[in-house]
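The values are calculated or read from the model by the stated rules, or taken from the named source; none is laboratory data. The structure displayed is predicted, hence computed values, not measured ones. Neighbour counts run over all protein chains shown; Cβ positions are idealised from the backbone, glycine included.
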Amino acid sequence: MDHHGETTPAGRSCKSSKDLLVQIGGPPVYWKSVDELQNGPRVTGEFPGGLPGGATSGPRAETTRRDFLALMGFSLAAAGLSGCRAPVQHAVPLLVGSDQIVPGVSNYYATTCRGCASSCSLLVKQRDGRPIKIDGNAESSLFGGGTCAGGQATVLSLYDDGRLKGPLWQGKSATWNEIDGHILQALNDAQTAQKSVVLLSGTMTSPSTRAIVAEWGRSNPRFRHVEYDPVSLSAMRQANKESFGQAAVPHYSFDKAKVIVGLDADFLGTWLSPVEFARQYASSRKPEKNAALHIQFEPGMSVTGSNADVRVPVAPSQLGATAIALLRRIAHKAGTSGPDQSADPVDSARLDAVAEALWKHRGESLVVSGSNEVAVQMVVNAINALLGNIGKTIDLARPSRQRNGDDAAVAQLVEEMALGHVGVLVLYGVNPVYDYPDSQAFAAGLKKVALSVSLNDRSDETGALVNAICPDHHFLEAWGDAEPVESNFSLAQPLIAPLFETRAAQDSLLRWMGREGEQSNYYTYLREYWRKDIFPRQKELPSFEVFWDQSLQRGVVTLASAGGAAPGPIHGGWQEAANKITQSAKAAPQGNSNSYELHFYESVALRDGRQANNPWLQELPDPISKVTWSNYAAIAPALAAQLKLENGDVVALKAGEKQVELPVFIQPGQEGRTISIALGYGRTAAGKVAENVGVNVFPLTALAAGQRRLSAVNASLASTGGKKPLASTQTHFSMEGRPIVLETSLDELEKESEKPEALPTLWAERLQGEHSWGMAIDMNACNGCSACVIACQAENNVPVVGKDQIERIRIMHWIRIDQYYSGPAENPVSVHQPMMCQHCQNAPCETVCPVLATTTSSEGLNAQVYNRCIGTRYCANNCPYKVRRFNWYNYTDNPKFDFNMESPLGRMVLNPDVVVRSRGVMEKCSMCVQRIQLGKNLALQGGRPLADGDIQTACQQSCPTQAIVFGDLKDPNSRVSQLQRSQRNYQVLEDLGTRPNVGYLKKVRNPMERS
Amino acid sequence: MRLQLIFLTVIGLGLAGGAGVWQFSKIGIHQSYSPKQPIAFPHKVHAGDNQIPCLYCHSAARTSRHAGIPPASVCMNCHNIMEKQTVEIEKLKEYVQQQRPITWVKVHNLPDFVYFNHSQHVLSGVACQRCHGPVEHMEKIEQFAPLTMGWCLQCHREHAKVGVTEFERVSADLKQRQKPAAGLDCASCHY
């Protein structure tokens, strides 16, 4: 075999088709940044490059010895004085008691997430009347118990100071009655003037709200409902209409697929229903189970691409050609005529191998594309139809209702608005002045609408231009329902009384339809809707009251399909579609040397930007680049070298008439001439957190053939000479060349039949208690989605520190997801490794603490005692895993850190069972010791022994792929014990003899090779 | 004379210093703290004379970290039908009539960095009086124990399961069926 063959876009190339589905072989060398790859690992201390915020970068110290003594004397006296009298504390019990509200005891209620239109079922923890923690509803057959980072963070958006406190009329606060009067008047006027009334909403997954809208349509023939998603699947719906006669988004089953091909669809990160897909994907990728093969073609490195067996960088303009190349091969195998011959955009041999694998697994494969081009989606439909996947891995009979946006209808509405044909425009959950490509046209059109109303929770970019803002409740304050997938229902109930003078959007709609009193109450409507439309469809329960109570308690109801017809055979038309793609590629102007492609994507943290004012999400390191608090222009390492650009150099990117200036980030695996930029940043009216963070690139997206294009060709790049440092955590802690991540193959696993004996230890055996808490983390299941990071932050009151502090390596997250690359910088493979305190039994931190503020407990926990800690930071220096976090400042109630913990409203999210740490103390992962104590207490209350699975840590609970398992290592039958006995288990830096209680399961590469 | 003056000064300073140190050692300890309450509620009458069980009013102590002060509605369970009227009972009724919650002054306060859970102790069979003192004899409630860490640990040490010999371990295991062992780990209370 010739290993020195031609280099392909995917890096290494070999001749046999088997090897084309392997991206790397042999023992890999890992690196975290391009610099480390080129210059080798650097041995650094706690602070590479000197003490951050020291004499050179911090404010000059002007305190003299005299000042110090004076201050010390004063503070001693003050301490003595304040010690004499304790502040008087009050306790105010309820006037009338309730058997359901016990102070200090949490209640859990099922509801439905409205963080995005995926509509995941949730179980929300409510403590003393406040929702404080979001988790997935394990009863849901679609989503399981997992969540995403954005979903976890929605609880903080409830306590957002940027929310409106009541309705606004012409920018001034008004009463609901006044506003209703104005709106009813305007609706009458529209009727008289024969102008249309339009409801522009995001994807509406709520069946009862749809029923309200439909009723409005029946009562007013000039009423129209348009659904608008800034990042839509509009082209897919159109393509499915042409291919199968059904304008719908299918429900995908990644768990049934043995071969998965993704064409720029980030289905594990942001695309359509990532929590559900991550769960399915993990179940089909278990190495023990003859795992599925995954090939991803994409321009920029996405979460999904980073998990693929083979990732092929492809420019956005070439994705259509890639689909055609696959279709031609598969059509050939199927013995039908395929699209005309055209040049392959990527290595032909690799495409042959992919087609071969797909063909071998016909009926159990899946090709998905994130393209918003009808022709591309039609070609993908043809591939799936030829492979017999329709009805198997792709379900159109029970379609998904999670993306209904119709780009063409929105474009038509904007035209109508410009012509002044719209009398009343109601905007519900959308912000087109921020995210519509031609936002100026939308803003201009808005002025010609007689009356425009926004139902958004804040005076956002669009809100500033409308006549009235009638703020909707946050979903944790509201009733509701959802049908994310046909006949899979999820109910929503309020967790807290509305904090402000807001009103449910549905109440507003009912009111404006002319209903009064009880008739305008959405809760009544919702119950009636369920009584009439959903209750009769089930047979188990004879009484509606029982059905309603049970549905509300469980949160989810799954019924037999309402009888959507299974799609027939694929219609023709894909050949024309393929020809169209090929021709438009030929017709495209040939670029010169300064011609690049732009690729726009939703980031895992901010998605389309609707939660931009959420500091947790702004500070969440991107799963791939680990950049916080900004978007950036991701460019390939080779291009950066050629243009002499470094991380943080500001470049001007021009596409068509529009230009943006962004800092550069050198992203390994980025397609050579494509620049990827995240959407959702650059909000100007979301609130103080989102202000001046990143740049809005929605204006650079354009409509082509009625569909929004999330890419642009012929863009130019010019260096501005400016510098805007990026706060990336990727290189915060160096591996120093040590083996932190390990991977293996199934063959190797079989060979390693015996585990090496435990290393001898010089430490005395310590007295062990009843339990020994430990964790097993499966690096095959972890896809890097970062839901656990936010879950941990919410559970453990982890503060937000801001961009400046992150640049100084002071991020406070207790759990981080380390991203390791191996292979060539053009297209490396990645490993994601969640890293938190390893709870060493022989802990290096413990031996260096002069005040015994960190000790290993009898239950195997490495405990940090905040009130003992004097802040020497010796422990952090001595920790080989770099998981200790120091409170350099008071992050609570400190105007310098103006995030959620500064405001009384934002502090309502804090978990009362966990201390808020103050300045000068060290903190780190406690393995959710508050949950351990609670679990033991609940077992005591129930008079039963503690069972495996009774206690879940926050990270474990949030994980959609169940990559983290927590439990008692003393119980040989616990899941964690079983996993830690597995052949794949290893401890990070085992040879140091720290004996961590956290074990990792080695990543198994390319298990498909066995079949 | 001069020597005497120096001697007296030294003694004076020493005494003052000693008193200061003693005073400093008392910082944060509020034993026998007994603030005035909005209603002069006599525990003696309720828990003592009428022998109402503690957990009738403080029912949350069974399930929650907080023992909880009963809602006024619980008071009214009895006072609705009781004939006896006093000035203090009038006050209670006024609160209820005016739909005004009662702002009690909290007597037992722990620092924020300690986690204490009532239910864990109640279910382990620790009598309320062990920490709260003879409440049934108190006309006005006061803080009985110092509530210092040393005081907590004294009891925890007595009830910790430290089995050295096999016999001790087995007998501790047997005892533990009724009462779980008290934790001695820092993380039992500090997190």
Quiz prompt | helices (runs of 4 or more DSSP H) enclosed by the range B:52-121 - at least 1 residues per element that are within 12 Å of chain A (Cβ to nearest Cβ) and of a type outside the set (A, V, I, L, M, F, W, C) | solution = B:72-79, B:87-97
Quiz prompt | Residue ranges of helices (runs of 4 or more DSSP H) in the range A:264-361 with at least 2 members under 20 Å from A:Ala963 (Cβ atoms) | solution = A:274-284, A:303-307
Quiz item: Quick one: what pairs do we get from the range A:90-102, first residue facing another protein chain (nearest Cβ under 8 Å), second loosely packed, with under 10 Cβ neighbours inside 10 Å, C-beta under 7 Å, 6+ apart or different chains?
Solution: A:Leu95/B:Gln99
Quiz item: Across the range A:939-950, what is the total count of residues that are more than 9 Å from chain B (Cβ to nearest Cβ) and in a helix (DSSP H, G or I)?
Solution: 2
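Per-residue answers, yes or no, for (1) crowded, with 16+ Cβ neighbours inside 10 Å; (2) in a helix (DSSP H, G or I):
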| residue | (1), (2) |
| --- | --- |
| A:Leu476 | yes, yes |
| A:Ile496 | yes, no |
| A:Gln506 | yes, yes |
| A:Lys532 | no, yes |
| A:Pro542 | no, no |
| A:Val546 | no, yes |
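Condition check ((1) aliphatic (A, V, I, L, M); (2) surrounded by 24 or more Cβ atoms within 10 Å (Cβ to Cβ); (3) without any contact (Cβ under 8 Å) to a residue 24 or more places away in the chain) across all residues:
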{"residue": "A:Gly572", "(1), (2), (3)": "no, no, yes"}
{"residue": "A:Gln575", "(1), (2), (3)": "no, no, no"}
{"residue": "A:Ala585", "(1), (2), (3)": "yes, no, no"}
{"residue": "A:Val604", "(1), (2), (3)": "yes, yes, no"}
{"residue": "A:Asn613", "(1), (2), (3)": "no, yes, no"}
{"residue": "A:Glu619", "(1), (2), (3)": "no, yes, no"}
{"residue": "A:Ile624", "(1), (2), (3)": "yes, yes, no"}
{"residue": "A:Ile635", "(1), (2), (3)": "yes, yes, no"}
{"residue": "A:Ala640", "(1), (2), (3)": "yes, no, no"}
Quiz item: Hey, any hits in the range A:839-853 for a residue that's buried (at least 18 other Cβ atoms within 10 Å of the Cβ), within 32 Å of the chain's Cα centre (by Cα) and away from every other protein chain (no Cβ under 14 Å)?
Solution: yes
Quiz item: Can you find even one residue in the range A:777-787 that is hydroxyl-bearing (Ser, Thr, Tyr) and surrounded by fewer than 24 Cβ atoms within 10 Å (Cβ to Cβ)?
Solution: no
Quiz item: In the range B:18-44, what count of residues is obtained for those that are over 19 Å from the mean Cα position of the chain (by Cα), outside any loop (DSSP other than H, G, I, E, B) and either surrounded by 12 or more Cβ atoms within 10 Å (Cβ to Cβ) or within 13 Å of another protein chain (Cβ to nearest Cβ) (or both)?
Solution: 7
Self-check item: Residues being aromatic (Phe, Trp, Tyr) and more than 18 Å from A:Arg401 (Cα to Cα) - total across the range A:259-295
Solution: 1
Exercise. Select from the range A:122-176 the residues that are small (Gly, Ala, Ser) and not in a loop (DSSP other than H, G, I, E, B) and write down the one among them that is surrounded by the most Cβ atoms within 10 Å (Cβ to Cβ).
Key: A:Gly150
Quiz prompt | Hey, B:Tyr115 surrounded by 14 or more Cβ atoms within 10 Å (Cβ to Cβ) and touching a Cys at 6+ places or on another chain (Cβ under 8 Å) or not | solution = yes
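Yes or no, residue by residue, for (1) over 26 Å from A:Arg279 (Cβ atoms); (2) assigned to a strand (DSSP E or B):
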{"residue": "A:Pro221", "(1), (2)": "yes, no"}
{"residue": "A:Arg224", "(1), (2)": "yes, yes"}
{"residue": "A:Pro230", "(1), (2)": "no, no"}
{"residue": "A:Met236", "(1), (2)": "no, no"}
{"residue": "A:Asp255", "(1), (2)": "no, no"}
{"residue": "A:Ile260", "(1), (2)": "no, yes"}
Exercise. Can you tell me which residue among A:Gly320, A:Gly363 is closer than 27 Å to A:Ala702 by Cα and either buried (at least 21 other Cβ atoms within 10 Å of the Cβ) or at pLDDT 90 or above (or both)?
Key: A:Gly320
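Yes/no matrix, rows are residues, columns are (1) touching a helix residue (DSSP H, G or I) at 6+ places or on another chain (Cβ under 6 Å); (2) under 30 Å from A:Cys782 (Cα atoms); (3) of a type in the set (A, V, I, L, M):
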| site | (1), (2), (3) |
| --- | --- |
| A:Leu142 | yes, yes, yes |
| A:Ala149 | yes, yes, yes |
| A:Thr154 | no, yes, no |
| A:Asp161 | no, no, no |
| A:Trp176 | no, no, no |
| A:His182 | no, no, no |
Self-check item: Residue satisfying all of: in the range A:926-935; within 11 Å of chain B (Cβ to nearest Cβ) and in contact (Cβ under 8 Å) with a residue 12 or more places away in the chain; nearest to A:Asn890 (Cα to Cα) among these
Solution: A:Ser926
Self-check item: Residue ID - surrounded by the most Cβ atoms within 10 Å (Cβ to Cβ), chosen from residues in the range A:860-873 that are facing chain B (nearest Cβ under 7 Å) and assigned to a loop (DSSP other than H, G, I, E, B)
Solution: A:Leu861
Quiz item: Is it fair to say A:Gly115 is more than 14 Å from chain B (Cβ to nearest Cβ), at pLDDT 95 or above and closer than 22 Å to A:Ile496 by Cα?
Solution: no
Quiz item: Do we find a residue being surrounded by 18 or more Cβ atoms within 10 Å (Cβ to Cβ), in contact with a helix residue (DSSP H, G or I) (Cβ under 8 Å, 6 or more places away or on another chain) and within 13 Å of chain B (Cβ to nearest Cβ) anywhere in the range A:890-906?
Solution: yes
Self-check item: Only listed residue being part of a strand (DSSP E or B) and surrounded by 23 or more Cβ atoms within 10 Å (Cβ to Cβ), chosen from A:Ala690, A:Ala712
Solution: A:Ala712
Exercise. Out of A:Ala605, A:Ala641, report the one residue that is among the small types (Gly, Ala, Ser) and part of a helix (DSSP H, G or I).
Key: A:Ala641
Self-check item: Lone unmet requirement of (1) under 22 Å from A:Val883 (Cα atoms); (2) modelled with pLDDT under 95 for A:Pro1007
Solution: (1)
